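Please read the structure below before turning to the comments.
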């Protein structure tokens with residue numbers, strides 16, 4: 001709570017990354033709860049979706065699944081999936097999730113908490129201007145004694161990954 005409050009005063013958004021693991025459609029899967037935020041609405045790589053997909057996720061009226069789960073299990077919009085604990089959700093969208101071999105399901109954060117109240121609440125994504133990332137990370141480490149591996153710059157990892165990807169294709 002102290003870290004979340006500290007971050008809220010120094011960033012544009014503090015978004016939970018809370019999840020459970022289980023089986024969905026007979027496959028191992030991660031089930032994530034997401035906050036209703038422009039970060040997802042404006043940037044998530046949706047391949048197919050019903051109208052107002054993010055509103056449906058936010059109100060608990062559906063689930064997004066990744067492309068791997070959809071293809072492997074031949075699932076699509078409107079199909080029902082059973083999630084751990086036996087409750088069912090309607091598929092309201094399919095998203096690209098390149099290179100991830102495991103199935104994923106995205107539901108609203110409130111829905112995740114309703115069905116899995118004991119979910120670990122320790123991971124967060126922080127929205128902040130790129131030029132402020134290093135100072136924020138250093139501040140987190142200094143203020144809370146966090147080890148370096150507990151603060152990850154996803155944008156930096158993405159840049160590095162794209163460079164590796166480009167080099168791979170240049171070589172081939």
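Computed values, structure above
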| item | result |
| --- | --- |
| Percentage relative contact order, the chain, counting C-alpha pairs under 8 Å, at least six apart | 28 |
| Helix-derived mean residue ellipticity, 222 nm - over the chain, DSSP H n ≥ 4, -39500 (n - 2.57), to 500 | -10500 deg cm²/dmol |
| Percentage relative contact order, segment 18-115, counting C-alpha pairs under 8 Å, at least six apart | 41 |
| Spin-label model distance (nm) - residue 47 vs residue 122, 7 Å beyond Cα toward Cβ | 3.3 |
| Reciprocal mean inverse distance between Cα atoms of the chain - Kirkwood radius, Å | 17.6 |
| Fraction of the pair-distance distribution of segment 18-115 above 19 Å, Cα-Cα pairs, percent | 31 |
| Mean Cβ count within 10 Å, highest first, over the residues of peptides 25-37, 92-104 | 25-37, 92-104 |
| Euclidean distance between Cα centres, segment 31-45 to segment 88-155, Å | 10 |
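None of the figures in this text is laboratory data; all of them are computed from the coordinates on show. Quantities reported herein were computed from a predicted structural model and do not represent experimental measurements. Please note: Cβ atoms are built from the backbone with ideal geometry, for glycine as well, and neighbour counts cover all protein chains shown.
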